[in-house]
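The block underneath contains the structure these notes are about, expressed in structure tokens.
The values are calculated or read from the model by the stated rules, or taken from the named source; none is laboratory data. Keep in mind that this is a model prediction, so the values were computed, not measured. Cβ coordinates were reconstructed from backbone atoms using ideal geometry, including for glycine residues, and neighbour counts include every protein chain displayed.
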């Protein structure tokens, strides 16, 4: 497995809309394995393929304390949502930045797993938030885009400064 490079906001590639995965083959399975390894190494709870400059509809996620409950979503779609909740979010593509975002409290998502099996999942709480956050990445949207223009501008400035220092 390989550790992939995570794109940092405001990299324009983060705004690329991901295309559907046509066939789940060994290449896609390797991408999933590499994304999982990258997420775990970066101490994240979710990672979308867009964040590693792979513009396919693939998301990996693990909210467990033990880091042993990997969830894989290929071609995910939210089919239902309800309620509203506000949660302080962070993102591997925007390191060190956390802010409150309002999203649906409950979602139903359909997707394929890494073996091509279709599944439907009803989610609430942090899982629902994480699903919405990662699916936004597949649509080319970063969580800071829910914030005010002033906050977005400050975050862009901060991220550009960090990029120059590294």
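The table for this structure:
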| item | result |
| --- | --- |
| Flag for residue 96 being under 24 Å from residue 53 (Cα atoms) and either modelled with pLDDT under 95 or touching a helix residue (DSSP H, G or I) at 6+ places or on another chain (Cβ under 7 Å) (or both) | yes |
| Members of segment 14-53 that are free of Cβ contacts under 8 Å to residues at least 40 places away in the same chain and more than 21 Å from residue 129 (Cβ to Cβ) | 19, 22, 23, 25, 26, 27, 30, 31, 33, 34, 37, 41 |
| Failed item, numbered, when residue 27 is tested on (1) surrounded by fewer than 12 Cβ atoms within 10 Å (Cβ to Cβ); (2) in contact with a helix residue (DSSP H, G or I) (Cβ under 8 Å, 6 or more places away or on another chain); (3) in a helix (DSSP H, G or I) | (2) |
| Some residue of segment 9-18 being surrounded by 12 or more Cβ atoms within 10 Å (Cβ to Cβ) and farther than 27 Å from residue 157 by Cβ | yes |
